[in-house]
Amino acid sequence: MNLKDYKTGIIIQARTGSKRFPRKILVSIYKKKIIEIMIERLLICFKPQDIYIATTDNKKDEIIIKHLKKYKINFFQGSENNLLKRFIDCAKIFRLNTVIRLTADCPLIDPYLIKDFFNYQLNKNLDYYSNCAPYVERTFPVGSDIEFFKVKTLKKILISKPNKYEKEHITPFIIKRKKKYKTFLAKSKKNNSDLRYTLDHHEDLEVIKIILSNMKNSKTFWRTKQIIKFLRQNANIQKINSKYVNSYYYKKINYL
C-alpha cells in the first residue's frame with residue numbers, strides 16, 4: 001500500500017527525554033532497538049516513504065535519526081514541547097492531508113490493523129478515528145494505539161488556543177469537544193483494554209521481551225489478536241505490568 005497516493009502518512013512521535021524511562025525507545029532487545037522493532041513491523045505493509053519520524057529539535061534527539069537512517073524513512077525535527085505544532089509542521093513540509101499518529105513506545109503495533117482502519121476511514125471524511133479514545137470506551141490493548149487525524153482538524157485545534165497539556169497530548173482536546181468533531185472509535189468484539197504492552201516502565205519492558213521471545217520462537221508474524229491470545233493464556237505474564245493499566249486510564253480520564 002502506498003499511503004502517499006492518498007496524501008496520508010504514518011507519523012511516529014519519538015524522543016529520548018521520557019521522565020519515567022529515559023531513552024526507552026533506544027533500549028535493545030535481541031540486538032534491535034525498540035524503535036527499530038516498530039519500524040520493521042511497519043515495513044511489512046508500508047513503504048519507507050510513508051513513514052515519518054517526528055522528533056524534537058533538541059540535539060539529544062538527533063541520535064534517533066542516526067539509528068534509523070538505514071531504513072530510508074522520513075525525518076522531521078520540530079517543537080519539543082508543542083507536539084501539536086510538530087505534527088502540523090511535519091505534515092505541511094511533506095504535504096500530508098491525513099496523519100496516522102503512532103507513538104514510539106508501542107513497538108508491537110500491528111501494521112495490518114492500520115491497513116484495515118485506513119481502508120475503513122478512507123471515504124468517511126472523519127476528523128478523528130482511533131481504537132483508543134474515548135478512553136473509557138476503548139476495547140483494544142494499551143500498546144495497540146492507532147489514531148487518524150485530518151491535518152485541517154489539527155490546525156483548527158492549534159488556533160483554538162489549546163492549553164499546555166492539550167498541545168502535548170492532542171487527543172483530549174477533541175474528546176472534550178466531541179460534539180464539534182466527526183469522530184469514530186473502532187472496537188473489537190471482546191474487551192481487551194486490561195492488557196498492556198506499551199513501554200513506560202521497566203516491567204513493561206519485561207513483558208515486551210517475553211512477547212518478542214515467544215514471537216521469535218513461533219517464526220510467524222504476530223498480529224494484535226495473536227498477542228492478545230498469548231497474554232490471555234499466560235496470566236502470570238499479564239500480571240507483571242498490570243498495576244500500570246489502571247494508572248494509565250486514571251491519568252487520561254482524570255484530565256477529561
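Every number in this text was worked out from the coordinates using simple rules, so none of it is lab data. Since the structure is predicted, the reported quantities are computational estimates derived from the model, not experimental observations. Cβ sites come from the backbone with ideal geometry, for glycine too, and all protein chains shown count toward neighbours.
With label points built 7 Å along Cα→Cβ from the Cα atoms of K156 and E206, find their separation and express it in nm. About 4.5 nm separates the two model spin labels.
Each stretch of four or more DSSP H residues adds -39500 (n - 2.57); spread over every residue of the chain, this sum gives -11500 deg cm²/dmol at 222 nm.
Only beta bridges with both residues in the chain are counted; by DSSP, about 30 percent of them are antiparallel. Quick one: grab the alpha carbon gyration tensor of region 1-101, order the square roots of its eigenvalues as a ≥ b ≥ c, and give me rounded if a/c is under 1.5, else prolate or oblate depending on whether a/b is larger than b/c. Oblate, since a/c reaches 1.5 and b/c is not below a/b. According to the square roots a ≥ b ≥ c of the eigenvalues of the Cα gyration tensor, what is the shape class of region 107-256, taking rounded for a/c under 1.5, prolate for a/b larger than b/c otherwise, and oblate for the remainder? In terms of gyration-tensor shape, prolate. Highest mean packing first, where packing is the average number of other Cβ atoms within 10 Å per residue, the peptides 130-137, 76-83 line up as 130-137, 76-83.
When you count the other C-beta atoms within 10 angstrom of each residue and take the mean per peptide, 30-41, 4-15, 173-184 line up highest first as 4-15, 30-41, 173-184. Counting only C-alpha contacts under 8 Å and six or more residues apart, can you give the relative contact order of the chain as a whole percent? Relative contact order of the chain: 19 percent.
Can you tell me the length gained on complete extension of the stretch K4 to N119, counting 0.36 nm per residue apart and subtracting the Cα distance?
40.0 nm
I'd like the antiparallel share, as a percent to the nearest 5, of DSSP beta bridges with both residues in region 40-182. Close to 60 percent. Take the alpha carbon gyration tensor of the chain, find the square roots of its eigenvalues, order them as a ≥ b ≥ c, and report rounded if a/c is under 1.5; if not, report prolate when a/b exceeds b/c, else oblate. Here the chain falls in the rounded category.
Any idea how far the Cα center of region 1-72 sits from the one of region 116-193, in Å? About 21 Å separates the Cα centre of region 1-72 from the one of region 116-193. The listed peptides 61-68, 109-116, ordered by packing as a protection proxy, come out as 109-116, 61-68 (highest mean of other Cβ atoms within 10 Å first).
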